[in-house]
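Scroll down for the structure; my scribbles are underneath it.
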Amino acid sequence: MSNNKLTINQWAEEDRPREKMMQHGAAALSNAELLAILIGSGNTEDSAVELMRKVLGDYRNSLSELGKTTIDELCRYKGIGPAKAITILAASEIGRRRLEEEPLERKQIRCSKDIYDVFYPLMCDLPVEECWVLLLNQSSKIIDRICISRGGLASTQVDVRCILREALLKRAVSMVLCHNHPSGNTSPSRDDDRLTEALRRAAEVMNIRLLDHLVITDGGYYSYCDEGRI
């Protein structure tokens with residue numbers, strides 16, 4: 001009698017855990033599918049997903065109960081060895097520690113000095129120019145800070161499209177541009193002016209506000225907003 005059982009690779013693409021996660025996000029996966037991604041493969045009788053469904057069933061379908069088991073107990077299942085058992089329990093421990101962590105307080109940007117305080121430690125000693133974007137939410141709290149480009153001693157090439165892409169991906173409501181002048185001169189160049197205006201206009205089309213553009217040196221900074229130029 002032939003075995004017509006399908007392997008995960010033979011499933012429809014939208015039913016495969018990894019592909020499903022890429023297309024729909026982690027929240028769309030069941031606990032068994034998430035665990036299947038961790039162990040990678042099942043056994044000759046069960047796919048990784050089916051194996052993890054059986055395992056979870058023995059632990060009352062509770063991730064909490066599963067996390068209390070031991071490596072030896074998991075290794076009793078066909079297709080689960082020490083490496084897979086350790087991976088499962090490590091993931092359980094990460095989940096437990098995540099619950100214990102205090103939520104990180106996002107810094108709120110209220111003025112140019114707040115921006116300077118964020119970027120000065122990153123830029124004060126750089127020998128070349130770097131350009132960063134600070135992405136903010138509705139409350140002007142920091143979502144992320146991202147290095148957009150690195151250049152030579154006196155310039156760096158910045159693609160406005162790259163900045164907007166990052167802002168859209170992170171669902172930023174507003175943003176701040178920041179770059180350093182290794183020369184120590186805080187005065188913006190004509191290229192800085194052109195970049196600021198180009199980014200302001202492009203961001204406006206996407207309903208994203210450019211709040212400021214800072215030029216940072218080791219001894220101070222220049223703010224387009226403070227100077228009434230944004």
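All of the numbers you see were taken from the coordinates with simple rules; none came from a lab. The shown structure was predicted, so the numbers you read here are calculated from the model rather than taken from an experiment. Counting neighbours? That spans all protein chains shown, and the Cβs are built from the backbone with ideal geometry, glycine included.
Taking Cα atoms only, the orientation of helix 48-58 departs from the longest principal axis of the chain by about 70 degrees.
One quarter of the surface of the convex hull around the alpha-carbon atoms of segment 112-223 equals 6.0 nm², the direction-averaged projected area. Multiplying the residue separation of Leu38 and Arg194 by 0.36 nm and removing their Cα-Cα distance gives an extension gain of 51.3 nm. Counting only alpha carbon atoms, the long axis of helix 112-123 and the longest principal axis of the chain meet at about 70°. Under a model in which nothing but the beta-carbon of Lys, Arg (+1) and Asp, Glu (-1) is charged, segment 130-230 shows a dipole of about 420 debye around its Cα centre.
Normalising the average separation of contacting C-alpha pairs (under 8 angstrom, six or more residues apart) by the number of residues puts the relative contact order of segment 46-142 at 19 percent.
Assigning unit charges at the beta carbon (Lys, Arg +1; Asp, Glu -1) and nothing else, what dipole magnitude in debye, to the nearest 20, does the chain show about its Cα centre?
520
Structural descriptor for segment 142-230: relative contact order 29 percent, calculated from alpha carbon pairs under 8 angstrom and at least 6 residues apart. Just how many % of Cα pairs in segment 61-128 lie over 13 Å apart, if you round to the nearest whole percent? Across segment 61-128, Cα pairs with separations above 13 Å total 75 percent. Taking a straight Cα-Cα cut-off under 14 Å and skipping sequence neighbours fewer than 8 places away in the same chain, the aspartates and glutamates within cross-link reach of Lys84 are Asp72, Glu73. Here's the picture: charge each Lys and Arg Cβ at +1 and each Asp and Glu Cβ at -1 in the chain, and of Ala28, Tyr224, Leu199 the one pushed furthest to the positive end of that dipole is Ala28. Taking the longest Cα principal axis of the chain as reference, the axis of helix 190-205 is set at about 50 degrees. Along the axis of the charge dipole computed for the chain (Cβ charges of +1 for Lys and Arg, -1 for Asp and Glu, origin at the Cα centre), the listed residues Phe119, Ile142, Ile88 are led at the positive end by Ile88. Ranking Gly79, Thr69, Gly40 by Cα position along the charge dipole of segment 8-100, where only Lys, Arg, Asp and Glu carry charges on their C-beta atoms, puts Thr69 farthest toward the positive end.
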